[in-house]
1. Please report, in debye to the nearest 20, how large the charge dipole of the chain is about its Cα centre when each Lys and Arg carries +1 at its beta carbon and each Asp and Glu carries -1 there.
2. Can you pull the three principal axis extents for the Cα set of segment 27-93, in Å, largest first?
3. Roughly how many whole Å is it from the C-alpha centroid of segment 22-47 to that of segment 69-93?
4. Please compute the contact order of the chain in relative form: average sequence separation of alpha-carbon pairs under 8 Å and at least six residues apart, divided by the residue count, as a percent.
5. Taking H placed 1.01 Å from N in the peptide plane, check which residues at least 5 places from Glu12 or on another chain put their amide H under 5 Å from its amide H.
6. Once you put a point 7 Å from the Cα of Ser76 and another 7 Å from the Cα of Ser26, both along the Cβ direction, what distance in nm separates them?
7. Using a simple spin-label model with points 7 Å from Cα along the Cα→Cβ vector, what separation in nm is obtained for Ile10 and Arg35?
8. At a probe radius of 1.4 Å, what is the per-residue accessible area of Ser86, in Å² to the nearest 10?
Amino acid sequence: MIPFVDEPAIREPAAVYARYSTDRQSPLSIPHQVRDVREALPRLGLLEVGCFSDPAHSGFMLRRPGLQTALKTIQSGQAKALIAESYSRISRD
């Protein structure tokens with residue numbers, strides 16, 4: 001669950017990221033994750049500058065097309081944060 005804080009006046013740019021692991025999971029998982037993150041962005045002081053996803057990609061692999069594009073958005077300075085519904089959407093250990 002994404003924590004709630006008072007809505008700050010200045011918002012930092014953020015890349016939104018969603019993922020599910022296998023083709024046996026529902027493709028609706030990504031829009032649900034994105035919806036939940038978007039609802040939390042104002043409370044977290046973040047402004048969406050891009051939305052990236054990787055359907056049916058394992059969290060163990062970091063070379064996922066959507067994640068790599070999201071990271072390039074951060075490296076270029078277009079975003080200062082990467083936000084997902086949970087850490088496990090970005091990576092698993």
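The values are calculated or read from the model by the stated rules, or taken from the named source; none is laboratory data. This is a predicted model, so every value here is computed, not measured. Don't worry about glycine lacking a Cβ; one is built from the backbone with ideal geometry, like all the others, and counts go over all protein chains shown. Surface areas here come from the heavy atoms of the whole protein model, side chains and all, with no ligands, DNA or RNA. Shrake-Rupley method; radii C 1.70, N 1.55, O 1.52, S 1.80 Å.
1. So the dipole magnitude of the chain works out to roughly 300 debye.
2. 29, 28, 20
3. Between the Cα centres of segment 22-47 and segment 69-93 lies a distance of 13 Å.
4. For the chain, the relative contact order is 41 percent.
5. Leu46, Leu47
6. Those two pseudo-labels are separated by 3.3 nm.
7. 3.4
8. Ser86 has an accessible surface of roughly 50 Å² with all protein chains in place.
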